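The values are calculated or read from the model by the stated rules, or taken from the named source; none is laboratory data. In this text the structure is predicted, and so the values were computed from the model without any measurement. Please note: Cβ atoms are built from the backbone with ideal geometry, for glycine as well, and neighbour counts cover all protein chains shown. Note: accessible area is taken over every heavy atom of the protein model, side chains too, but ligands, DNA and RNA are not part of it. Shrake-Rupley method; radii C 1.70, N 1.55, O 1.52, S 1.80 Å.
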Amino acid sequence: AIEQLIDGVIYEDLSQLRLREILTEKKEEARQRALSLIAEGIKQDDGCIVTPTEAIRKVRFNGSQFPAYRFVYCVLNELPLSNEEVVRHRCHTRRCINPDHLTHGSRLDNKQDDWEFWANGLDRDFL
């Protein structure tokens, strides 16, 4: 996770603070919620598990709202990602919440994924 060190003090952004609080104080409850989201998902032939919604599903937990894929990834991997770090879909399916299809990186990494996909299509062997 990206943190800023200023005058010997580590600063986290609001996303990191909220996720760290969840992972510290409500880890098991959050894990169960993430697993229930996956169980409610629709399993597709390509391995994606998509939310049964038209748009990206939002999840409210502990007073905060997250995209479902970010919540699932951060909770199951115990990573309090900052707002600067994105959860990338290796499958390029934005509604997918399959943990095996998700990874994290920078916005630049995510854009490079898009360019690679547009140029060469999806390599299912990578998944």
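Overview of values
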read-out	value
Cβ-derived FRET efficiency at R0 25 Å, Trp115 paired with Asn77, nearest 0.05	0.45
The chain - Cys residues lacking any other Cys C-beta under 4.7 Å	Cys74, Cys91
Dipole moment magnitude, nearest 20 debye, the chain about Cα centre, only Lys, Arg, Asp, Glu C-beta charged	500 debye
Radius of gyration and Dmax over the Cα atoms of region 52-127, both given in Å	12.8, 41
Probe 1.4 Å, accessible area per residue of region 52-127, Å²	57 Å²
Test item: Cα-centred dipole of region 67-108, Lys/Arg +1 and Asp/Glu -1 on Cβ, debye	240 debye
Positive-end residue of His104, Val75, Leu37, charge dipole of the chain with Cβ unit charges	Leu37
Area accessible to solvent at Thr24, 1.4 Å probe radius, in Å²	100 Å²
Pairwise label distance in nanometres, Ser106 with Gln65, each label 7 Å out on the Cα-Cβ vector	3.0 nm
Apportionment of accessible area to carbon and sulfur, the chain, percent (1.4 Å)	47 percent
Extension gain, Ile56 back to Arg20 (0.36 nm per residue minus Cα-Cα distance, nm)	10.7 nm
Arg70, Arg31, Arg94, reordered so the largest accessible area comes first (probe 1.4 Å)	Arg94, Arg31, Arg70
At 0.692 mPa s and 37 °C, Stokes diffusion of the chain via Kirkwood alpha-carbon radius, µm² per second	213 µm²/s
